């Protein structure tokens, strides 16, 4: 079995290249960038990298066993959530439950930080993002013929709930960034 999982150093190098690219674009556009704005953008890029790493990696190729396609997805609502809640004494289930709840929370804060978006935007956006992640996981599973990550309808529910919490918290993030900008001027 072959496993694809970039090391930390590869991710750090990719992150540094991305930040350099961000600075170059800012210079080319001759825009003045506040250090707090750059910090927000840099942390968002880091978040996106970690989001991809934890939702899509590692990818295992060429499984040894013949695995049923039914192990690639869970489509019954609340099945996983109830199981995790009943087994919170097992750390991996608590991580799975709360990890999926907070997975898109930073995304919501970032998208709502400049201005509060509509409720419809804050419902449709996480559905699209989460469905994309889950579909990519399922696609990777079918391509590799191995259940690397599972398409779980409960992950969609938890991701949307977390996004909505982040949208509510963005009001406070906006206030903090506004006060930091005032101090820096």
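Bear in mind that the values in this text are calculations on the coordinates, not laboratory data. Keep in mind that this is a model prediction, so the values were computed, not measured. No Cβ is skipped: glycine too gets one built from the backbone with ideal geometry, and neighbour counts run over all protein chains shown.
Would you mind checking the tilt of helix 153-184 against the longest principal axis of the Cα atoms of the chain, expressed as 0 to 90 degrees and rounded to 10?
Taking Cα atoms only, the helix is inclined about 20 degrees.
What is the angle, in °, between the Cα long axis of helix 91-102 and the longest principal axis of the Cα atoms in the chain? Nearest 10 is fine, range 0 to 90.
It works out to around 40 degrees.
Below 8 Å between Cα atoms, with a sequence gap of 6+, how large is the relative contact order for the chain in percent?
Working: 191 pairs, mean separation 55.4, N = 185.
Relative contact order here is 30 percent.
Taking the 0 to 90 degree range and rounding to the nearest ten, how far is the long axis of helix 35-56 tilted relative to the main principal axis of the chain, both from C-alpha atoms?
10
How would the chain be classified by its alpha-carbon gyration tensor: rounded, prolate or oblate, with rounded meaning a/c under 1.5 and the a/b versus b/c comparison settling the rest? Intermediate values should be presented prior to the final figure.
Values: a/c = 2.48, a/b = 1.50, b/c = 1.65.
Oblate is the answer for the chain, as a/c is 1.5 or above yet b/c matches or exceeds a/b.
Between 59, 143, 28, where does the largest GNM mean-square fluctuation fall for the chain, given springs only between Cα atoms within less than 10 Å?
28
For 5, 141, which order do you get if you count the other beta carbons within 10 Å of each Cβ and list the fewest first? The partial results should precede the final answer.
Details: 5 10, 141 23.
Ordered by Cβ neighbours within 10 Å, fewest first: 5, 141.
Let me have the 222 nm mean residue ellipticity of the chain computed from DSSP H runs of 4+ only, each contributing -39500 (n - 2.57), with the sum over all residues rounded to the nearest 500.
Values: 7 runs with 129 residues, N = 185.
Rounded to the nearest 500, it is -23500 deg cm²/dmol.
Which one, 43, 76, 144, has the greatest fluctuation when you compute a Gaussian network model over the chain with C-alpha springs under 10 angstrom?
76
Given the options 85, 156, 103, which has the most mean-square fluctuation in a GNM of the chain, springs set between C-alpha atoms less than 10 angstrom apart?
With Cα springs under 10 Å in the chain, the top fluctuation among 85, 156, 103 is at 85.
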